[in-house]
Amino acid sequence: MIRTTPFHPRLSELNTQGLYTHWQGFLSPLRYTQAAKHEYFAVRNSVGVFDTSPLFKYAVTGPDAETFLAGMLLRDVRRLRPGRAQYTLWCDDRGFVMEDGVVLRHSATDFLLTAARPALGWLSDHRGRLRVEVEDVSDDHGILAVQGPRSRAVLAQLSDEVAGLGFFDHVATKVAGVPVTLSRTGYTGDLGYELVVPADGALAVLDAVLEAGKPHSLRPFGEQALMTLRIEAGLPLLDVEWHNSRLAMTDHDRVTPTELGMGWMVRPALTDDRAFVGAAAIRREVAEGTSRWATTGIVLDWAEWDALHRDAGVFPTKDDQPLPYASALRLPAGVSTGSTTGDRSTTGDRSTTGDRSTTGDRSTTGDRSTIGDGEQVGYCTSLVYSPVLQKHIGIARVRPDLGSPGTALRLETTLHHRTTTVGATTTTMPFFTPDRKVAP
């Protein structure tokens, strides 16, 4: 049975299209109006609200809660003081990424962890003799994201606590008389906040936010607008940029944190001896340089894209909805890097026996073509035309030796039912990161 979130009764009244997708068994709006771009620009220019209630929420409490999470998550929660939040990953024993989420620390013994997929069984199985309780409180709370440059002005009408709330800070407050947790977090790459709300108070809080947002033309936005926003922010998405290692059929669909572009999360773990799930494999990967991929941004050559389409007699497509499939990245014809052709390592974590290994090794075979000039050297996982940047941008995975900004590549595309390529250049991410996102 498809479920609805605590905010659904009100938000469904605002959905003029009746278009929904499913998010972990919940109805989730694709868009509320005829054009997702209108909702996108509401977030970039003013303020929008997004219902993130389908996220799983786990209360982790007890005297050993900190020790437990420090052993489960990639980032060290021991460095997280009460009132702060962390975006983090967690991995399997082989160092492959399972999930991501945000952990909020309420006190020395009280945490809330969000996840896009169920994780209760995995967390509970690792408790051992630690004095910690892991409780699924997903149905007890809704989460409302209030995002955009005017989000602070909207929420300031409802809570004095929003003033001075730093990036990834959170605080307990009340909105419309309802106790909520207000955090300065989000998934849009812009100034934004999220409200963790008791389910029975969700509509009162939403009504107050909608009313406060009227002078700012606040509007709800759906998943289509969110996809464009998160790509501009360079934020990866589960089941697009990677797959949960427990559910992936082969290592070709698994990535390590370093391969996912989260080396900044890994680096602190290289200089301490903290024991966490996957630590040995992750540290060995960095020490031995066995990463198979580097994640990078790419920008398409707009002039070539235009010429390609106009010469074919069609208007150049500038779609603000990402492609639903991955596209191959190749070296330009005639270019040879003189570098590796795939299996740089036959030691350590990785075998060269493909996916048949059951020894815990990672496979590195089969991901890369070795056809010489124009060889495939990576793939683009998310490609979209950015309305605010006015260019095609993408999140891609390439051979590590090609991950430096400014590398010229060719992206496969199709035109008139034939495969062709267009120029692309690697670049840093995020593509869009306004100062207001983290400014005091």
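The values are calculated or read from the model by the stated rules, or taken from the named source; none is laboratory data. What you are looking at is a predicted structure, and each value in this text was computed from that prediction instead of being measured. Backbone-built Cβ (ideal geometry, glycine too); neighbour counts: all protein chains shown. Quick note on the areas: whole protein, heavy atoms, side chains included, nothing else; ligands and nucleic acids left out. Shrake-Rupley method; radii C 1.70, N 1.55, O 1.52, S 1.80 Å.
By the gyration tensor of its Cα atoms, with a ≥ b ≥ c the square roots of the eigenvalues, what is the shape of region 386-440: rounded for a/c under 1.5, prolate for a/b over b/c, or oblate? Since a/c reaches 1.5 but b/c is at least a/b, the shape of region 386-440 is classed as oblate. Residues of region 407-440 with backbone nitrogen within less than 15 Å of a virtual label 7 Å along the Cα-to-Cβ line of L270, please, listed as ranges. Inside the label zone: nothing.
Rounded to whole Å, the principal axis extents of the Cα atoms in region 16-166 read 53, 36, 28, largest first. Report the paramagnetic label zone for Q321: residues of region 224-254 whose backbone N is under 15 Å from a point 7 Å from Cα along the Cα-to-Cβ axis. Residues 224-229 fall inside that zone. Backbone geometry of region 108-120 corresponds, through the Karplus equation with coefficients 6.51, -1.76 and 1.60 at θ = phi - 60°, to 3J(HN,Hα) couplings of 4, 10, 9, 10, 10, 10, 9, 8, 7, 10, x, 9, 4 Hz, x marking Gly and Pro. Distance between the modelled labels on S217 and H126, one decimal in nanometres: 4.6 nm (7 Å Cα→Cβ projection).
With a cut-off of 13 Å between beta carbons, the residues surrounding G201 carry a summed charge of -1, where Lys and Arg count +1 and Asp and Glu -1.
Here region 161-318 is treated as an ellipsoid with the same Cα gyration tensor; its semi-axes, largest first and in whole Å, are 35, 30, 15. A 1.4 Å probe run over the protein chains yields, for the chain, 42 Å² of accessible area per residue, whole-number rounding.
Residue-wise HN-Hα couplings along region 65-72, as the Karplus relation 6.51 cos²θ - 1.76 cosθ + 1.60 with θ = phi - 60° gives them from phi, are 4, 5, 4, 4, 5, 5, x, 10 Hz; Gly and Pro carry x.
Packing, taken as the mean count of other beta carbons within 10 Å per residue, orders the peptides 419-430, 194-205 from highest to lowest as 194-205, 419-430. Measuring between alpha carbons in the structure, the pairs from K57/K174; K37/K57; K57/K214; K214/K318; K57/K437; K37/K214 lying more than 23 angstrom apart are K37/K57; K57/K214; K214/K318; K57/K437.
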